[in-house]
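Peer 1: First the structure, which I've put down as structure tokens, then a few questions once you've had a look.
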Amino acid sequence: MVGAGVLTLALAVTGCSAGGGGSDKPNVDNSKGAADTATLPTVDWTKADYAAVKDGGTLTLAIDQLPDNWNTLQADGNNVSTGQIMDPTTGGPVRNTADGGWEVNPDYATEVKLVSQDPQVVEVKLNPKAVWEDGTPVTYKDFEATVKASSGANKDYQTVSDNVYKDIASVTKEDTDQNFKITFKNKNADWPSILGGSTAGTATASILPAAIASDVKAFNEGYKSKPLPSDGPFKVSKVDTNGQVVTLVPNDKWWGQKPKLEKIIMKVVSRDGLAQAYANKELDAFSIGTNKNNYDTAKKRADGAVQQTGGLTWNHVTLNGSKGPLADVKIRQAVARAVDRDTISASRLSPIGAPVTSQNNYIYMPGQKGYSDDGSAAIGFDTAKSEALLKEAGYTKGSDGIQAKDGKKLELTYTLDANNPVSEQIFKQLQANLKVVGITLKNNTVPSDKFFSDYVLKSNFEMTGFAWSGTAFPVSSTESIFYPVDSGQNFTGITDEKLGDMWQKANAELDPAKRIELATAIDKAIFAYVPVIPLTPTPNTYAVTNGLVNYGAAQFQSIDWTAVGFKS
């Protein structure tokens, strides 16, 4: 994802953020587990020169679901599966590097640079060869329309996030349609995030064709059942809704080096069926996540290997604070204090051979510059403190061990996706933890293909859990998860109004050290009202068939889909 976090199911559990300023060096003094986590590489896939990759071959991968909307800038299109499908079909002037920084992507641009800091102005010179799938040139008009659509100015657009876009004053043509300037009305240090930079193969379109972006109906509804036009090396050639399979083939209008693969197949495989599908050689690679069975099964495949890097995804419990008992901050704090997050993290990470740590920051990941443990002091495991908070909220523990207030027992409901072993295990751990302090946690299991569209995205839950999979631009990308209350990614129903000004200052701060200080203040402010309980940061752990190159586990680096394939 580029400008905001992306939803993913709880199996692929690692971080909504990356190193501020493009660094992945650990802030060891303040980071619980940071030194250990930082020992993992940022890229672990098998690298091969383009010339060493054989021509042809089919790559078969797994996804969780077919898209609810193929427009990844539209709210319903904001999930990992859609990003995985779209990644080979899209790109932008900027791409992520292995260390969490960025560089100009020569396929899309000849120049991208900050030419003025006050006012902030970015100059972009597009590659004149860049075209859409129908041969229409990519121009400044596409960027201008996309910025307007995503800025939040027109509330009819159902956008994922207005992060960065809302700070832009104008996109103006220079000497040609391919050369333009982006002028900001408010400074934003994460400006490269809207120009590309997919992370670990999960893309969000950096731009849309102007005809789509300038039409509210086309933006919101035009791509519910069909893919966006490609401006990448591959295009979607077939969508089999019955078989739940998407087929991608090389884009015949692609102007860059020819893709090595003849075909990419992405098919829906249930989370509890992934390991067996890989063992049966039905998949060439898959994300192991934190599932021990997946890990053990993957290691047994003789012609495969397990790759592991630092991650950008963290799993959590999202609390709906708009109604019911969780509308009381003391109840949210009590629930958080009752959860033994370290034990949950150990149960998730030890079985896959990963360094064990809990996520104690909403913005930065362990092992990254800027990470500090702001969570332990605010919501660290403390059952006595949890029960004291419940008492302050007017609850009394009865002889049956259940907390009650005004004769009503304290019961909460946790919504989870079906056939996901990790989600089920986390629920059981939460249920056992809350029982100790007298809170009953009930299970509401829903179909996995409806989990996001009908429950998470509509805030149709009391408690739920999934993972945020984020970007190399953590400060701005995290904002819409917590602020404002009605953003396309804030499913908690609550916010702290002071966060708006705090984020505005942090986004505008171009000095990396000062920006970290501002981000830390934001982090502590969020922990104070606990809209989300962060659980576990997880590495990217992939099972990969021997011979597959330039694809697999990576923390930041964008995938060059032209070079993905099998070693000759």
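Peer 1: Expressed as a rounded percentage, what relative contact order does the range 313-538 have, with Cα pairs under 8 Å and six or more residues apart?
Peer 2: 35
Peer 1: Most exposed first by the Cβ proxy, i.e. fewest other Cβ within 10 Å, how do E509, E411 rank?
Peer 2: By the 10 Å Cβ count, ascending: E411, E509.
Peer 1: Let me ask you something else. Taking 2.2 N^0.38 Å as the expected size of a compact globular protein, what ratio does the Cα radius of gyration of the chain give against it, to two decimals?
Peer 2: Compared with the compact-globule rule of thumb, the chain sits at 0.93.
Peer 1: On a 22 Å Cα-Cα criterion, which of the cross-link pairs K129/K173; K224/K323; K113/K187; K148/K235; K113/K498; K217/K323 come out too long?
Peer 2: Pairs exceeding 22 Å: K224/K323; K148/K235; K113/K498; K217/K323.
Peer 1: Considering the options N71, A149, T139, tell which one lies farthest towards the positive end of the dipole of the chain, charges being +1 on Lys and Arg and -1 on Asp and Glu at the Cβ, about the Cα centre.
Peer 2: Projecting each Cα onto the dipole axis, the largest value belongs to N71.
Peer 1: Set Lys and Arg Cβ to +1 and Asp and Glu Cβ to -1, take the dipole of the range 449-561 about its Cα centre, and tell me which of Q555, I494, V530 lies farthest positive.
Peer 2: Q555
Peer 1: Could you tell me the extents of the range 313-538's C-alpha atoms along the three principal axes, largest first, rounded to whole Å?
Peer 2: In descending order, the Cα extents are 57, 38, 33 Å.
Peer 1: Report the charge-dipole magnitude of the chain in Debye, nearest 20, computed about the Cα centre from +1 at each Lys and Arg Cβ and -1 at each Asp and Glu Cβ.
Peer 2: Rounded to the nearest 20 debye, it is 880 debye.
Peer 1: Quick one: grab the alpha carbon gyration tensor of the range 52-170, order the square roots of its eigenvalues as a ≥ b ≥ c, and give me rounded if a/c is under 1.5, else prolate or oblate depending on whether a/b is larger than b/c.
Peer 2: It is oblate, given that a/c is not under 1.5 and a/b is not larger than b/c.
Peer 1: Relative contact order, percent, of the chain when contacts are C-alpha pairs under 8 Å separated by at least 6 residues?
Peer 2: Rounded, it is 29 percent for the chain.
Peer 1: Taking a cut-off of 18 Å between Cα atoms, list the lysines near K567, but don't count ones fewer than 8 places away on the same chain.
Peer 2: Answer for K567, where 18 Å is the Cα cut-off: K47, K54, K258, K260, K263, K281, listed by chain and number.
Peer 1: By counting other Cβ atoms within 10 Å of each Cβ, how are K369, K113 ranked from fewest to most? Intermediate results must be reported in sequence, preceding the final value.
Peer 2: On the way: K369 21, K113 10.
If I rank by nearby Cβ atoms, fewest first, I get K113, K369.
Peer 1: Then there's this: Mind sorting T183, T90 by how few other Cβ atoms lie within 10 Å of their own Cβ, fewest first?
Peer 2: The order, fewest Cβ neighbours first, is T183, T90.
Peer 1: Please name whichever of L326, N360, Q504 sits farthest to the positive end of the charge dipole of the chain, dipole taken about the Cα centre and charges placed at Cβ: Lys and Arg +1, Asp and Glu -1.
Peer 2: The Cα lying farthest towards the positive end belongs to L326.
Peer 1: Another question, if that's okay. Could you give the distance between the Cα centres of the range 128-177 and the range 315-364, to the whole Å?
Peer 2: The two parts, judged by their Cα centres, are 37 Å apart.
No value in this document is a laboratory result; all are computed from the given coordinates. These figures come from a predicted structure and were not determined experimentally. Here the Cβ is made from the backbone with ideal geometry for all residues, glycine too, and neighbour counts use every protein chain on show.
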